[in-house]
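Worksheet: the structure to be examined is printed underneath.
Here, each number is a calculation from the coordinates, and none is a lab measurement. Model, not experiment: these values are computed from the prediction. When we count neighbours, we look across all protein chains shown, and the Cβ atoms used for this are built from the backbone with ideal geometry, even at glycine.
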Amino acid sequence: MDRDELAAWLRLTATPGVGGTSVRRLLAAFGLPQQVLARGEAAWRECTGPAAARALAAEPEGLAGLVQRTWGWLQADGDGSVRAILTLADAHYPPALLATEDPPPLLYLMGGARFVRGAEPFAPARSLAVVGSRNPTAQGAEHARQFARALHGAGLCIVSGLARGVDAAAHEGALADVDEDAAWPATIAVVGTGLDRVYPAAHRALAHRIAQHGVLVSEYPLGTPPLPANFPKRNRIISGLSQGTLVVEAALASGSLITARLAAEQGREVFAIPGSIHAPQSRGCHALIRQGAKLVESAQDVLEELQLPVPSAPQAQEPAEGGGEGDDNDDEVLQALGYDPLGLDALVARTGLDAATLQARLLELELQGDVARLPGGLFQRLGRA
């Protein structure tokens with residue numbers, strides 16, 4: 001893509017009042033953006049209606065600066081990553097996303113050179129979205145991390161949104177066992193800002209790792225801030241790049257349920273991990289299961305539903321709750337704790353142990369990774385994904 005072509009694409013896609021549907025209609029009617037812009041307002045009106053045609057007739061404010069910044073950004077490869085822009089006219093545009101109802105006209109990419117500028121689309125056919133609460137329980141975050149790690153180990157690219165909580169844990173799990181020579185990205189992060197920003201800022205280091213071993217994706221122009229409306233909209237890309245969507249934890253009002261709904265509308269599989277009936281973060285998953293989502297307890301459940309080979313690696317076989325004939329089941333404190341968050345007083349009553357002895361044992365279990373300490377003086381047993 002040369003600079004003039006880039007300018008035409010940005011003029012077409014960054015003009016306020018000209019949405020994706022109008023852009024696709026104009027491209028279908030007249031060809032590439034330079035050909036579209038060579039036509040007049042009267043011709044545009046036949047495709048888009050008068051409001052979008054009037055908007056397109058005036059060059060948007062700041063277009064020259066946007067073209068300059070974007071052109072410079074494309075040239076600034078480094079730190080193990082490269083940049084690119086994919087358009088609907090590009091042969092490398094991901095087929096799964098192209099088949100959806102609302103594919104973005106432009107995709108900004110930053111990632112490993114072999115993914116972003118490789119011979120194949122950056123998003124492999126074997127991709128799975130892993131999404132969930134921004135405020136997960138300790139168990140939920142661990143599930144996201146362990147499921148992502150196991151599914152990546154089984155050959156799936158993990159797609160998520162770089163948000164706090166489950167999204168970050170899913171990216172981390174996929175990056176846990178990176179193959180430097182892999183032909184497909186470990187993980188794809190679809191963000192709701194321009195790619196010259198990282199949101200939340202605390203994920204800057206994580207975003208850097210993704211840019212080295214995976215791909216960061218946005219449909220938004222450089223400089224776009226974290227506007228609330230952008231995040232639900234980008235969810236269609238997360239689901240659209242994936243064979244299915246796994247919801248780890250979600251409240252009933254969670255944006256993850258939007259992703260799950262979009263996945264179902266796109267004809268993709270929806271999976272949900274059940275949780276405690278007392279946990280607000282589990283209610284969204286339980287609602288999805290009632291609506292027909294596949295209940296999963298292990299990575300193997302997902303692989304079998306997608307008709308993918310199940311490796312013999314233990315992390316792809318173990319159930320989410322651990323629960324074999326292991327020594328965890330012989331521990332009286334773990335047995336008394338169960339899998340719901342529980343306070344110290346209730347645990348004293350269940351075990352008959354004095355508070356000091358119980359606190360010492362809980363500290364040991366916490367250091368072993370079997371128990372998590374939660375806000376409010378609660379403790380929760382951690383299962384194995």
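Ranking 333, 166, 18, 348 by Cβ neighbours within 10 Å, fewest first, what do you get? Let's see the in-between values first.
Numbers: 333 20, 166 32, 18 23, 348 16.
Fewest to most other Cβ atoms nearby, the residues stand as 348, 333, 18, 166.
Against the empirical 2.2 N^0.38 Å scaling, what ratio does the C-alpha Rg of the range 1-76 come to?
1.08
Tally Lys/Arg at +1 and Asp/Glu at -1 over every other residue whose Cβ is under 11 Å from the Cβ of residue 220; what's the total?
Around residue 220, the charge tally is +1.
Rounded to whole Å and sorted largest first, list the principal axis extents of the Cα atoms in the chain.
The principal-axis extents, from largest down, are 82, 41, 37 Å.
Under a plain spin-label model, where a point goes 7 Å from the Cα along Cα-to-Cβ, how far apart in nm are residue 345 and residue 2?
Calculated label separation equals 7.7 nm.
To the nearest 500 deg cm²/dmol, what mean residue ellipticity at 222 nm is calculated for the chain from DSSP H runs of n ≥ 4 alone, each contributing -39,500 (n - 2.57), summed and divided by the residues?
-12500 deg cm²/dmol
Which Rg and Dmax, in Å, describe the Cα atoms of the range 96-172?
In Å, with Rg to one decimal and Dmax whole: 14.0, 41.
Net charge near residue 284: determine it from the other residues with C-beta under 12 Å of the C-beta of residue 284, scoring Lys and Arg +1 and Asp and Glu -1.
Working: positive: 261, 283, 290; negative: 249.
Result for the local shell: +2.
Using the reciprocal of the averaged 1/r over all distinct C-alpha pairs, how large is the Kirkwood radius of the range 116-316 in Å?
Details: mean 1/r = 0.0608 Å⁻¹.
After inverting the pairwise mean of 1/r, the radius is 16.4 Å.
With no solvent and one point per C-alpha, what does the Debye sum give as log10 I(q)/I(0) for the range 327-381 at q = 0.19, 0.28, 0.29 Å⁻¹?
Reported log10 I(q)/I(0), two decimals: -0.55, -1.32, -1.42.
Between the range 268-302 and the range 34-98, what is the separation of their alpha carbon centroids in Å?
Result: 39 Å between the Cα centres.
Hey, what do the phi angles of the range 215-230 turn into as Karplus ³J(HN,Hα) couplings, whole Hz, using 6.51/-1.76/1.60 and θ = phi - 60°, x for Gly and Pro?
Whole-Hz 3J(HN,Hα) from phi for the range 215-230: 9, 9, 10, 8, 9, 9, x, 4, x, 5, x, x, 6, x, 5, 6.
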